[in-house]
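*Asks:* Quick one: structure below, then a few questions.
The values are calculated or read from the model by the stated rules, or taken from the named source; none is laboratory data. What you are looking at is a predicted structure, and each value in this text was computed from that prediction instead of being measured. Quick reminder, even Gly has a Cβ in these numbers, built from the backbone with ideal geometry, and neighbours come from all protein chains shown.
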Amino acid sequence: MKFDNELDLIKVMGWTQSNKLIYILKELKNGKTKEEVFESLKGLIKPKSFEGYITKIERLSDDIRFV
């Protein structure tokens, strides 16, 4: 499945997950490291949860075209 825009991702993953995923993905595309992104989210997301999103991004990165 290809994700051509944010709405496609929201339809599959729901609002909460997709918005977190999109935010992290955009930050990484803007040149921040994983550690920098995690630090900017400190107190908002647990480390294990963040790693789960990183894993999803790595798995889906070829299919996400809109970022």
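*Asks:* Can you say whether ILE45 is touching a helix residue (DSSP H, G or I) at 6+ places or on another chain (Cβ under 9 Å), surrounded by 13 or more Cβ atoms within 10 Å (Cβ to Cβ), at pLDDT 90 or above and β-branched (Val, Ile, Thr), as far as the supplied structure shows?
*Replies:* Yes: the conditions hold for ILE45.
*Asks:* Only one of these conditions is not met by GLY31: (1) modelled with pLDDT under 95; (2) out of contact with any helix residue (DSSP H, G or I) (no Cβ under 9 Å at 6 or more places or on another chain). Which number is it?
*Replies:* The single condition GLY31 does not satisfy is (1).
*Asks:* Separate question: Enumerate the pairs (first residue in the stretch 39-67 and over 21 Å from LYS2 (Cβ atoms); second residue anywhere and of a type in the set (Ser, Thr, Tyr)) with beta-carbon separation below 9 Å, excluding pairs fewer than 6 apart on the same chain, so at least 6 apart or on different chains.
*Replies:* What qualifies is LEU41/TYR23; ILE45/TYR53.
*Asks:* Of a type outside the set (Phe, Trp, Tyr), modelled with pLDDT of 90 or more and surrounded by 12 or more Cβ atoms within 10 Å (Cβ to Cβ), is that true of ILE54?
*Replies:* It is true that ILE54 is of a type outside the set (Phe, Trp, Tyr), modelled with pLDDT of 90 or more and surrounded by 12 or more Cβ atoms within 10 Å (Cβ to Cβ).
*Asks:* When both residues are 6+ apart or on different chains and their Cβ atoms are under 7 Å apart, which pairs have a first residue that lies in the stretch 2-19 and is without any contact (Cβ under 8 Å) to a residue 24 or more places away in the chain and surrounded by 10 or more Cβ atoms within 10 Å (Cβ to Cβ), and a second that is of a type in the set (Ser, Thr, Tyr) and in a helix (DSSP H, G or I)?
*Replies:* ILE10/SER18
*Asks:* Which count do you get for residues in the stretch 20-37 that are free of Cβ contacts under 8 Å to residues at least 24 places away in the same chain and on the phi < 0 side of the Ramachandran plot?
*Replies:* Residues in the stretch 20-37 being free of Cβ contacts under 8 Å to residues at least 24 places away in the same chain and on the phi < 0 side of the Ramachandran plot: 9 in total.
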